[in-house]
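Just so you know, all these numbers are worked out from the coordinates, no wet-lab data involved. Please read all numbers here as calculations on a predicted model, not as lab measurements. All Cβ positions, glycine included, derive from the backbone under ideal geometry; neighbour counts span all protein chains shown.
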Amino acid sequence: MAREELIGRMAVDIPEQIGRYTITRRVGRGGMGVLYQARDNVLDRDVALKVMSTEMMSDEGSRDRFYREARAAARLQHRNIVTVFEFAEAGDAPYIAMEFLHGRSLAEYLASGDSMPLDTRLDIIIQLCEGLQYAHEQGVVHRDVKPANIWLMKDGGVKLLDFGIAKVAGATLTHSGSVVGSAAYSAPEQLSDSLVDGRADIFSAGAVLYELLTGRRPFEAETVTGVMMKILHDTPPSLRTVAPHVPEAVAMAVETALQKNPELRYAHADDFGADLRLARYLTEPAAATVDPPPPVDPGRRQVPVPAPPPNVPPPQPSPTQPPEMIDVDIDIDRAPGRRTRPKAQRLDQRTVAALAIGVSAILLIATVVYFMTRETAPPSYELAIGSTPPGAVIAVNGVATGQRTPATLTLPEKPERVALTLAGFEPVDVPVHASGTGPQHLTYTLKRLLRIESQPAGGRILLDGRDTGLVTPAVVPMAEPRAKTLEVQLTGYQPASQPLTASVIDRGSVRVVLPPPPPAAAVSVLISGDYPFEVSGCGRPSGPAANHTLKVTAPCTLRLRAPDYFLDMTRSVDQRQAGRLEIAAPKLASVQLRSRYEWCTVVIGGRAVGSPPLDLELASGSHNITVQCPERTYVARSFVIEPGRSIRRLDDSLR
């Protein structure tokens, strides 16, 4: 059942019930679907219900992303992140039930032109950073931090909305306003198809704070392309010029968050929040404290100054001052009429309070001046770099150091990349994620390079029976675990194979001679495995079975395929194997694949298998794996999976 409501000038059908929720009203519509206010009839509470739109449901990719993002958001339980109660389907329509928030979005506040104290603006971003820090610790990157996704609660709290959903949906929108709104807060690496991590959210938070402080975005242009080009290449107008009233500490924090190089930004969201807390503290007015007057001694009392002798004219007090008071000692047991000795003059309470306020103000000003003007020694960075084998030439940030591994380097600037070169080994050029100025130890295993030649040239190179895609002559990095056999195949010649012993690999080169083909020979081939697979080639196709017995004429090539277990391999049969040949299919492996990219799709051998973590059963050996994310695709070539049960992380092999 549905009822009809007038939204603007358009009549819109509103469902009366979705799942166990009674629809109260329609709140709005976004790129992925419609948002309703609803009543949970079981728990008797208001909820916000996001229902995927009909046009999005027809797109399997959008449906999968909706599922993945809902699962990611449901894992995040934090006071500064909107709480997801349930993810389910009503008919064919997926929906997310989450807490219903009272207040307004930061985008609505900015559009209203309402005023807000500086400490309140800083507190919004401080709370935002707390939510982002928690999400990043759980492996979730928001990727679409902007004022529309920041909710200001009536009690002063801040909630972060739409983890990734708005970003995924925004890629298919054609309304330039919403696309520009997202692009204006995107980090450079999001626009250049580079690796994106939590530091992209820090850049976006800095862009939001810039707008909060100035009333304008840091990067503005008339078109989406213009905004993106400015983010990639231009420096935003300095806060010191656009908003000179902004304290220096705040301007420096925003400048750090908006660095185009992620390595120069804050490493963590809570680092950004900590600097903003300090800046907020330094901008708050000092609270003056006044010590209470000392207790009155029972043996002392205040009396007026005695009158002078009659022949001395009395002093004329100021008309605004009370009679001067002095302290005198009174001995209660002393005989009456005896004069007492006057003591030191006592300051009145108002004078003490004024002095206390003045001293506090001077101390506060001195502290601020000290921290803003003190000269600090330039930072130095210490790197201890080793390699296996040792002796590699070291370069840091593209500059040769003149030292070889192992070595400890003291650098005047933050290291961003380290390169190692050693004759006979594959060069290493990798980024460095320095976590501070303290010592950092780095060790790299260098891959031996093996030059493979054949006579004649042009033969296909196979290592342990797997085609490398290279032809002779070629230089091949010998990754661990090292291959044990080399085979070279060339049409019109017999294959040539050779064991790859440690001495052969360490020599750095190997040359094989391909013999001419012998006369054709009949070979009986027995192929066995632990699971069904099909065999083709050699003119003897065979359907799925765990064991195959074939009679073939050599030379020829057999192909083994089992799509359910991601098996696709070839095996050559030559005349030297005349008689009987036994081939064993790879053993099965049970593996759990893990990755921090839990919102992405894993593809093995061209087949999508879902989002990590994944429990799979597949043929052991080397596989080509890709991880397809909305922002880019990562590749893990020749990812080796051993037989048996194991847990493997993809992240270290992704490129």
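Annotation: extensible slack from Thr570 through Asp193 equals 132.1 nm (criterion: 0.36 nm per residue apart, minus Cα-Cα distance).
Estimated from the Cβ-Cβ distance and a Förster radius of 22 angstrom, the FRET efficiency linking Arg507 and Val428 is about 0.55. What FRET efficiency comes out for Ile365 versus Val224 if R0 is 41 angstrom and r is the Cβ-Cβ distance? Round to the nearest 0.05. That gives a FRET efficiency of 0.30. Ignoring lysines fewer than eight residues from Lys50 along the same chain, the ones with Cα atoms less than 17 angstrom from its Cα are Lys159, Lys167.
By per-residue mean of other Cβ atoms within 10 Å, what is the highest-first order of 604-611, 588-595?
588-595, 604-611
Straight-line cross-link reach from Lys414 at under 28 Å between alpha-carbon atoms covers these lysines, not counting any fewer than eight positions away in the same chain: Lys230, Lys260, Lys447.
What FRET efficiency comes out for the pair Asp64/Arg637, r = Cβ-Cβ distance, R0 = 25 Å, nearest 0.05?
On the way: r = 25 Å, r/R0 = 0.99.
E between Asp64 and Arg637, to the nearest 0.05, is 0.50.
With 0.36 nm allotted per residue and the present C-alpha distance subtracted, the Lys587-Thr485 stretch has 34.8 nm of extension available. Between the amide H of Thr83 and those of Glu99, distances stay under 5 Å, these residues lying 5 or more places away or on another chain, with hydrogens modeled in the peptide plane.
Please say if the stretch 103-280 is rounded, prolate or oblate, where rounded means a/c under 1.5 for a ≥ b ≥ c the square roots of the C-alpha gyration tensor eigenvalues, and otherwise the choice is prolate for a/b larger than b/c and oblate otherwise? Mind showing how you got there, number by number?
Details: a/c = 1.20, a/b = 1.17, b/c = 1.03.
Rounded, because the longest to shortest axis ratio a/c is under 1.5.
Close amide H partners of Ala521, meaning residues 5 or more places away or on another chain with modelled amide H under 5 Å apart, are Ala554.
Is the C-alpha gyration tensor of the stretch 432-493 telling us rounded, prolate or oblate? Criteria: a/c under 1.5 is rounded; beyond that, a/b larger than b/c is prolate, otherwise oblate. Before the final figure, lay out each step's value.
Working: a/c = 4.26, a/b = 3.39, b/c = 1.26.
Here the stretch 432-493 falls in the prolate category.
Give me the number: length gained by fully extending Gln455 to Ala274, i.e. 0.36 nm times residue separation minus the C-alpha to C-alpha distance, one decimal in nm. Mind showing how you got there, number by number?
On the way: separation 181, 0.36 × 181 = 65.16 nm, distance 6.65 nm.
Difference between extended and current length: 58.5 nm.
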